[in-house]
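Step one of this worksheet: look at the structure below.
The values are calculated or read from the model by the stated rules, or taken from the named source; none is laboratory data. On a predicted model such as this, the values are computed, not experimentally measured, just so you know. FYI the Cβ positions are ideal-geometry reconstructions off the backbone, even for glycines, and counts take in every protein chain you see.
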């Protein structure tokens, strides 16, 4: 009957162990001394701290069906480039390691990036304050000269592929929900796929580099202070994208930060659009449950909220 939990504990442990082995081997090939490796995080990515070299290695392991090693490496290259650029300008970020070349490294089926180790401080996140700080990040990113794809982080091909997968997996999402999601996506997809279509739908909205992956929830509390982190979904888009689905309280906090920075606040119609896209991306992420079984529990409240929005 139900076949949701396809990734067994043993398979998960083997995947993690393989990622650690790949990180250690790649680091040694790059000339780093490695006598120990500890897993810091293991969810969508395996994050490994190496010792004695002050280096952290991150390897995405839960990926959409449309992602290839080549496309992942392109995203990782963008992340390394933008974080190095921000660090050079004094913006507090988790930085690429200066001990190895700032490029993705592929080994044993993993694509990994190397980061300078920063000691983490124990602290509860203040999401409202982080949303307010996001406006300052956007101000800095406006000047980034690198070329980025329009709303590449939305991954419209991935949404299509996940909807197709879910159509054959009623144990993950019932058929009536899949049909409703397809209908909603049909109305949103043109403005996600095409910059021209987006600009026609939302005239006058400036596009710029944005973090791409909920920066209020992706700030690292180091012993030396807060740092912006996890730029692996950096993209060109409206600033509203970085506040999608976070709700009115955090939107208001962002607007306070924008006013202090002297830049525009969030536009309600654009926020409504990115909220809808973000909600559908969360729903279609159920297609990743076979790779990450606990994701089903995380997403169930989102599914219930979405069903209540009829």
### Query
Restricting attention to the range 166-186, does a residue exist that is without any contact (Cβ under 8 Å) to a residue 24 or more places away in the chain, in contact with a helix residue (DSSP H, G or I) (Cβ under 8 Å, 6 or more places away or on another chain), assigned by the TED database to the domain that holds residue 229 and within 30 Å of residue 142 (Cβ to Cβ)?
no
### Message
If the requirement is being more than 19 Å from the chain's Cα centre (by Cα) and touching a residue at least 24 places away in the same chain (Cβ under 8 Å), which of these qualifies: 163, 151?
### Response
163
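Of everything in the range 175-203, what is surrounded by 13 or more Cβ atoms within 10 Å (Cβ to Cβ) and either modelled with pLDDT under 95 or under 18 Å from residue 302 (Cβ atoms) (or both)? Give them in sequence order.
First, pick out the residues of the range 175-203 that are surrounded by 13 or more Cβ atoms within 10 Å (Cβ to Cβ): 177-178, 180-182, 184-185, 188-195, 197-199, 201-202.
Listed by number, the residues that qualify are 177, 178, 180, 181, 182, 184, 185, 188.
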### Count of residues meeting criterion [touching a residue at least 24 places away in the same chain (Cβ under 8 Å) and within 16 Å of residue 143 (Cα to Cα)] in the range 61-91
9
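Could you say whether any residue in the range 290-301 is within 16 Å of residue 242 (Cβ to Cβ), more than 18 Å from the chain's Cα centre (by Cα) and part of a helix (DSSP H, G or I)? Spell out how you get there, then give the answer.
Taking the range 290-301 first, the residues within 16 Å of residue 242 (Cβ to Cβ) are none.
The answer is no; no qualifying residue exists.
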### Query
Can you name the number of the only condition in (1) crowded, with 17+ Cβ neighbours inside 10 Å; (2) at pLDDT 95 or above; (3) over 29 Å from residue 253 (Cβ atoms) that residue 78 fails?
(3)
### Query
Of the conditions (1) crowded, with 18+ Cβ neighbours inside 10 Å; (2) closer than 17 Å to residue 131 by Cα, residue 289 fails just one. Which one is it?
(2)
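Please verify whether residue 24 is more than 25 Å from residue 285 (Cα to Cα), crowded, with 18+ Cβ neighbours inside 10 Å and in contact (Cβ under 8 Å) with a residue 40 or more places away in the chain, treating the condition exactly as stated.
For residue 24, the condition - more than 25 Å from residue 285 (Cα to Cα), crowded, with 18+ Cβ neighbours inside 10 Å and in contact (Cβ under 8 Å) with a residue 40 or more places away in the chain - is not met.
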## Note on the structure
Residue set 257, 237; condition more than 24 Å from residue 301 (Cα to Cα) and either in contact with a strand residue (DSSP E or B) (Cβ under 7 Å, 6 or more places away or on another chain) or outside the structural domain of residue 219 (by the TED database) (or both); output residue 237
### Summary
Flagged in the range 27-60 as in contact (Cβ under 8 Å) with a residue 24 or more places away in the chain and under 25 Å from residue 286 (Cα atoms), in numbering order, are 42, 43, 44, 46, 58, 59, 60
